[in-house]
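Everything on this sheet refers to the single structure shown next.
Please treat every number below as a calculation from the coordinates, not as lab data. A quick note: this is a predicted structure, and the numbers were derived from the prediction, not measured. Methodologically, a virtual Cβ is constructed for each residue, glycine included, from the backbone with ideal geometry; neighbour enumeration extends over all protein chains shown.
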Amino acid sequence: MAVESSHEGSGCGGVKRTEVGTQVFRVRGLTKVYGHGETAVRALSGVDLDLYAGELVVLLGPSGSGKTTLLNNIGGLDVPTSGELWFHDLDLTNATEEELTRYRRDRVGFVFQFYNLIPSLTARENVALITEIARDPMPAEEALEMVNLGGRLDHFPAQMSGGEQQRVAIARAIAKRPEVLLCDEPTGALDVRTGIAVLEAIERINRELGTLTVIITHNAVMAEMADRVIHLSDGRVHHIHVNSTRAPVSSLNW
Amino acid sequence: MISLLDIKVWRDLVRIKGQAGAVALVMACGVAMLVMARSLINSLETTRLEYYQTHHFADVFVQLKRAPMQLRERLMEIAGVAAVEAGLVFQVTIDLAGLDEPASGQARSVPDTGEPGLNRLYLRKGRWLSASGRHEVLVGEAFAEANQLEPGDQITILLNGRRQALKIVGIVLSPEFIFESRPGTALPDNRTYGIFWMRYTELASAFDMDGAFNFAALALSPGSNDRPVIAEVDRLLVAYGGRGAFGRGDHPSHIRVSDEIRVLTALSIGFPAVFLTVSALMSHAVLLRLVNLQREQIAILKAFGFGDVEIAWHYFKFALVITLAGITIGTVGGMVLGRWLVVLYHVFFRFPSLEFQLDAGALVMAVVVSAGAAVAGVFGAVRRAACLPPAEAMRPEPPTEYRPALVERTGIGRWLSHTFRIAVRNIERRPMQAVFTVAGLALATGILIIPSCFRDGVDHVMEFQWDVVQRQDLSVGLVEPGDKRVCNVFAQLPGVLHVEPFRAAFVRLSNGNRHRQLAIRGIPGGTLHDRVIDARYRQVVLPKGGLVFSAKLAEVLGARVGDQILVEALEGKRTVSFVPLVALAEDFSGVAAYMDMESLNRILLEGDVVTGATFSIDKAHWAEFLGSLKQVPRVSWVAIKNSLRESFRRTTARSIDLIQRIYMTFAIVVAFGVVYNNARISLAERARELATLRVVGFSRGEVGSILLTELVLLALPSVPFGLLLGTLFSTVIIGMVNTETVRLPLILTSHNYAFASLVVAAGSLVSAMVVLQKLKHLDLIAVLRAPE
Ligand SMILES: Nc1ncnc2c1ncn2[C@@H]1O[C@H](COP(=O)(O)OP(=O)(O)OP(=O)(O)O)[C@@H](O)[C@H]1O
Ligand SMILES: [Mg+2]
């Protein structure tokens, strides 16, 4: 594993790198095998990784390199085949279904490429749905305000654009004040301008709430907004790149 | 060659096997019912026809007092008559060694030489009577079986007051007694009533009837009508005490079988119609969902050049495979059940052999009707698939227009939980689907009402007949009408608490040009035993000089209270008089007419004559009473209520019970099928949404509660509709089933309603549990990928 430091793009308007916080995730030798025998697919083969509180991490890598698999394991959607995966002192590799549900409910916010909103609920209700079951949520209106959707509270998903829907999804993810925000290609289905609006929302959350944020993307330009960029290939961490300053989202050009 | 599209049909079907299976099963129930009922009809009809032909069942029957044998020739000469069989028939009592109560029956003659020309017997066991036939007797199978009589056994019959020991030489069947029961009773009591055949000379000498006959059966030449023949026979026999001839249409055994066929016909239409409607609704739901989920696939197929027809055909194939499965299971099931029921029919109907005969027509009908139902069911979905423009289908489902549900707009929305809102809005967004589901559940509930309604109806009739109408413990018939003072003799028997005489008089009733021959029952005023009850369950006090009809008889004669009915006595002085119809009785046993005994005797111009008596007996002296009753020579028959009830419980009730159980099983299958299917569809349609909820931290139970809420919201309104539907079905089917011999009241109890609702509720619960189990396997990761 190679760790490199970069100062490029740290020029004008750069944001100071987040102070390294306490360790949140500890990943060692994480392996995930799908299927068995002839058809077995090794999605992850020995990932070693630490993630810290408050940082914004971008996950890059070719298609099939295991990004989604890694994120799903971290988010408690899937359990590893072997290796260690710790969230603070919660052992995610050996957690029960109930523990995983509780973990997802209280600690993790998810944002997906296809929004996955509940079509029968309005923006406000989609967020409130989560705040109802969370321990220390912010009001749904406040969460939507954070993603600049204060004016669309009572619209149904079908009445909103893709970008707006994705921002509702972000509001839904952060309304519970999660410790971790996991985003799998959040801009994958969006055009550039809309994508930027979404990223700005994520970045703002990370900055203002100090949420550990992991973003999967295919767009290398987005790496500039991260504290650290983790490159995956063939189910392994190929190298980690540390940005000395984070570029503001508005300055990204792709 | 199997095309790839066919492989797709197969794989998709395997994926939705639960739902496809549920639809096929419901369809199978309908088909089984259809195949079973139509095949039984076929079996009964063809077997009866064959039996009638091979055993020369007569067309016209008549009883008379006494006519010389020479009169036979005169009967032969009537235009349209092909053959005449004249003989003797007498009511007799039987003393059976093993039987406490006196049994009774008919002794009938067979010619001294050769076989009877008409109504030939079928020898089941033993041998025919010897040439002289001295002290030999043939016994009808039902009685022999009920009393375990075998050839070689002895029985004692009271012939004209003389006890005669007879040797049973054979056990036989007769086309006249396919249904072997005491005339005028709807229920068989084969233990205490039997049919016996003896040589003519033997019987004639016992009753001093040498060279005479009191019974004739006539066969018509092909193509002749029985009406003019009956009229001519009646005219000819008036002088000989003819009691009015009747055709097959009034022959008790014949109409009993015809009634059964009518009942089966009603069932073969009613039940399958409901079941196939449900399965049509279900296939519609399953296919619509499939088409919705496969929008993109359809678009791609179209983009690659498949035509609308090919797409439509492709989706029709789903329905066809399901239908084929349903028909196969249903046919096999119907045949198995049919064979089973045929065995049961042996209890009621005595044929030389009653085999189950599959009705090929029923199979064709089943295929056509169920395929029709399936096609009708899926038509909308398939058309939708075929009409989907490729470009539109490529896009994910069009923005689904959700809005706050009606209940929320009324203002109570604030108190609704989010999961409740999801459920409510989903239902409201697809109103048609919700309607179909409610309809399916309502039908399932409705189907459950019918079998119980039948059972309750039968129970009610029995209770009514035995506890409300007939208060006596037993009835006794005299050999001949006798003086009222016979009751004094009866009252002296040990254990008798109360005796009442009655007078049965054989008459022809006419209202306009409608006629009916039956025995009017004359009952003494202030009777405690034989009560006549009206529709409001009050005892009808028989008015002097007026007739009371059972509702069915009034219907048959088209008579209304106030009408003058022509009463022609077919015995005694053969008086003719007009008597007003003054009231109607609630009588479930069929056609019946009642009169005050004195008034009846007055119009018959006979003194205080009785033909029998009813008894209340002190139970402590029961055996003693029966023993001494056997010694009274003038008694021709005895009907013991408890024995009848017991026999009913052992035979009829048990088979009715079995049939109810079959229907009930089917109904439960439907109820479960509908609920399960519905729950699976909502799960499949909503997998993405539900998985998302799981991902963001909802527990399995919380996600399940959304599905449950939806199910409950649909199940609740279906209950009242279902009860309403069930009431409707029951009314229609019981109406179709009601015949002259069988009249079932429409009894709908809260117990029945509660049971139907509970079964559907339980079905819903179990299906919901099964579906909730599936939530365990919800793929949380797959759902995050692009929509299917
Ligand atoms: N459920 C599964 N069953 C079998 N193989 C799987 C499954 N999920 C993922 N894989 C395989 O695991 C490997 C990693 O998949 P993953 O989705 O993590 O890649 P990715 O880096 O997210 O790719 P992309 O950038 O295309 O989204 C791939 O080879 C994939 O085929
Ligand atoms: Mg991926």
Check: Sorting B:Y193, B:Y753 on the 10 Å Cβ count, fewest up front, what's the list?
Finding: B:Y753, B:Y193
Notebook entry, point to check: Taking N as the number of residues in segment B:60-254, what is its alpha-carbon radius of gyration divided by 2.2 N^0.38 Å?
Noted result: 1.01
Note to self: In Å and on Cα atoms, what radius of gyration and Dmax does chain A show?
What the structure shows: 17.7, 54
Checklist line | Convex hull of segment B:17-144 built on C-alpha atoms - directionally averaged projected area, nm² | finding: 14.6 nm²
Margin query: As an exercise, take the mean of 1/r over every pair of distinct alpha carbons in segment B:509-604, invert it, and state the Kirkwood radius in angstroms.
Written below: 13.2 Å
Checklist line | Rg in Å to one decimal, and Dmax rounded to a whole Å, for chain B via C-alpha atoms | finding: 33.2, 102
Note to self: Give the separation of the Cα centroids, segment B:661-711 to segment B:187-236, in Å.
What the structure shows: 67 Å
Item checked: Rounded to 5, the percent of DSSP beta bridges in the protein assembly as shown classed as antiparallel -> 70 percent
Check: How big is the antiparallel share of DSSP beta bridges in segment B:496-617, given as a percent to the nearest 5?
Finding: 80 percent
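Can you quote the Å³ per residue value for the convex hull of the Cα atoms in the protein assembly as shown, rounded to an integer?
226 Å³
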Note to self: If I take R0 = 25 Å and measure r between the Cβ atoms of B:V367 and B:E310 in this structure, what FRET efficiency does the formula 1/(1 + (r/R0)^6) give, to the nearest 0.05?
What the structure shows: 0.55
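As a test, work out the antiparallel percent of DSSP beta bridges whose residues both lie in segment B:60-254, rounded to the nearest 5. Please report the intermediate quantities before stating the final value.
Details: 35 of 47 bridges.
Of those bridges, close to 75 percent are antiparallel.
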Margin query: Once you place label points 7 Å from the Cα toward the Cβ at B:E115 and A:E142, how far apart are they in nm?
Written below: 10.2 nm
Next item on the list: Please give the FRET efficiency for B:Y240 paired with B:D534, using the beta carbon to beta carbon distance and R0 = 56 Å, rounded to the nearest 0.05.
Entry: 0.90
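Stokes-Einstein at 37 °C, 0.692 mPa s, Kirkwood radius from Cα pairs: D for segment B:213-318 in µm² s⁻¹? The partial results should precede the final answer.
Values: Rh = 20.2 Å.
The diffusion coefficient I find is 162 µm²/s.
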Next item on the list: Order by neighbour count: B:M736, B:M432, fewest other Cβ atoms within 10 Å first, most last.
Entry: B:M432, B:M736
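Placing unit charges on C-beta atoms (Lys and Arg positive, Asp and Glu negative, everything else neutral), compute the dipole magnitude of the protein assembly as shown about its Cα centre in debye, rounded to 20. Numbers along the way, then the final one.
Numbers: 104 positive and 104 negative charges, 193 e Å.
Computed charge dipole of the protein assembly as shown: roughly 920 debye.
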Next item on the list: Using only the alpha-carbon atoms of segment B:704-783, report the extent along each of the three principal axes, biggest first, to the nearest angstrom.
Entry: 67, 19, 18
Notebook entry, point to check: Just from its helices, what would the mean residue ellipticity at 222 nm be for chain B, if runs of 4 or more DSSP H residues each count -39500 (n - 2.57) and the sum is divided by every residue, rounded to the nearest 500 deg cm²/dmol?
Noted result: -17000 deg cm²/dmol
Item checked: Translational diffusion of segment B:554-594, µm² s⁻¹ [Kirkwood Rh, Cα pairs; Stokes-Einstein; 10 °C; 1.306 mPa s] -> 138 µm²/s
Next item on the list: Just tell me, in residue order, which DSSP H segments of chain B are both 18 angstrom or longer along the helix axis (alpha-carbon based) and at least -1.0 in mean Kyte-Doolittle hydropathy.
Entry: B:17-54, B:252-293, B:308-348, B:360-387, B:431-463, B:652-685, B:700-737, B:750-775
Notebook entry, point to check: Going down the table (B:K484/B:K641; B:K317/B:K776; B:K17/B:K317; B:K17/B:K776; B:K544/B:K641; B:K317/B:K774), which pairs top 20 Å between alpha carbons?
Noted result: B:K484/B:K641; B:K317/B:K776; B:K544/B:K641; B:K317/B:K774
Next item on the list: Rank these for me by crowding, B:L344, B:L780, B:L728, going from fewest to most other beta carbons within 10 Å.
Entry: B:L728, B:L344, B:L780
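Quick one: compute the contact order of segment B:60-254, relative version, from alpha carbon pairs under 8 angstrom and 6+ residues apart, as a percent.
Values: 412 pairs, mean separation 71.1, N = 195.
Taking the mean separation of contacting Cα pairs over the length of segment B:60-254, I get 36 percent.
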Margin query: Need one number: nm distance between label points at B:N488 and A:L209, each 7 Å from Cα along Cα→Cβ, rounded to one decimal.
Written below: 11.0 nm
